[in-house]
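S.K.: Sharing a structure below in structure tokens format, with a few things to ask.
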Amino acid sequence: MADLDFSGKTVLVIGGSSGIGNGIAHAFRLRGAIVHVTGTRASAGDYRVGDGSDLSGLAYAPLDVTAPGAVAAFSLTAARLDVLVLSQGTVLYKRGEFEMDGFRKVMEVNLTSLMACASKFHPMLKASGGSLIIVSSTAAFHATRGNPAYNASKTGAVGLTRTLAVAWAEDGIRVNGVAPGGVDTPIIHNFGPPDDADYKLIARLMTPIGFAFPHGTVDHSKHQYVVGAVHTQTIEGFWSIFKRGIVGTFHNVSKRHLHLYVAEFQFRYNNRFNDDILGATIEGC
């Protein structure tokens, strides 16, 4: 991201008061952007760095996306908006999402509010030819047996990203998404592993917030015209692409000959820009 410069750009990160959203906000701030963030608490002073919230250099405003009429009434203290990042999110553990009240709460935050916020700021993004970035999760690509609402909402966020990308392209708005895997943030510390779990080992498997996916790369105002894509920074993302490539190419895959399918897929991928693929095939024999 060293070559990205957002000087003079205005960025709004919904849910940017902590966690992944806070990391995204600072990534843009360090690259010259004027960054506004929202959170559910009354003021910036109600957050602590020790809780995963660093609001230094960020303009904070309270916003509860689940409160009736709150999004519609929200006013951004900036005349221009170049990048809108929707990183709000919640999750309920201990099977709380199997109760309908819990299910609705998670869906309201993780999915319904995405559309509410996107619609709210659509006019500003259209005026600037800006970018919308929706934060989903790799949970959108696999099952999460204890969290049906989280999974459904994150899967829905991926679909919303693709749909708005097509619907708003004529307005000059680029819509893309990121789907992080495990990131070392306060919310994930509450997921309740077994009592004998090694927390230090679990933390090592997660991405520290400071080294999370470089989300600024999906603001394509820098002539990187990708629209409707959802980017991951984990092996789950690679595997899902690889699996779709194998199945999509060969359809019926035999476990006995899987290594041969993998080898051919690798060859096809590595030679995708080769005009003389026949020559490469002969050379490899």
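No value in this document is a laboratory result; all are computed from the given coordinates. All values derive from a computational prediction rather than experimental measurement. In this analysis, Cβ positions are derived from the backbone assuming ideal geometry, glycine residues included, and neighbour counts consider all displayed protein chains.
S.K.: For a quick check: sort Ile20, Ile133 by the number of other beta carbons within 10 angstrom, fewest at the front.
M.R.: In order of increasing Cβ crowding within 10 Å: Ile133, Ile20.
S.K.: Would you tally the net charge around Ala67, using a Cβ to Cβ cut-off of less than 14 Å, leaving Ala67 out, and scoring K and R as +1, D and E as -1?
M.R.: +1
S.K.: In whole Å, what are the Cα extents of region 120-180 along the three principal axes, biggest one first?
M.R.: 42, 18, 16
S.K.: Given Lys9/Lys120; Lys9/Lys126; Lys105/Lys154; Lys94/Lys120; Lys126/Lys154, which pairs have Cα atoms separated by over 22 Å?
M.R.: Details: Lys9/Lys120 19 Å; Lys9/Lys126 15 Å; Lys105/Lys154 14 Å; Lys94/Lys120 34 Å; Lys126/Lys154 25 Å.
Beyond 22 Å: Lys94/Lys120; Lys126/Lys154.
S.K.: By the scheme Lys and Arg +1, Asp and Glu -1, what is the net charge of all other residues having a beta-carbon under 13 Å from that of Thr161?
M.R.: Values: positive: Lys154, Arg162, Arg174; negative: none.
Here the charged neighbours net out to +3.
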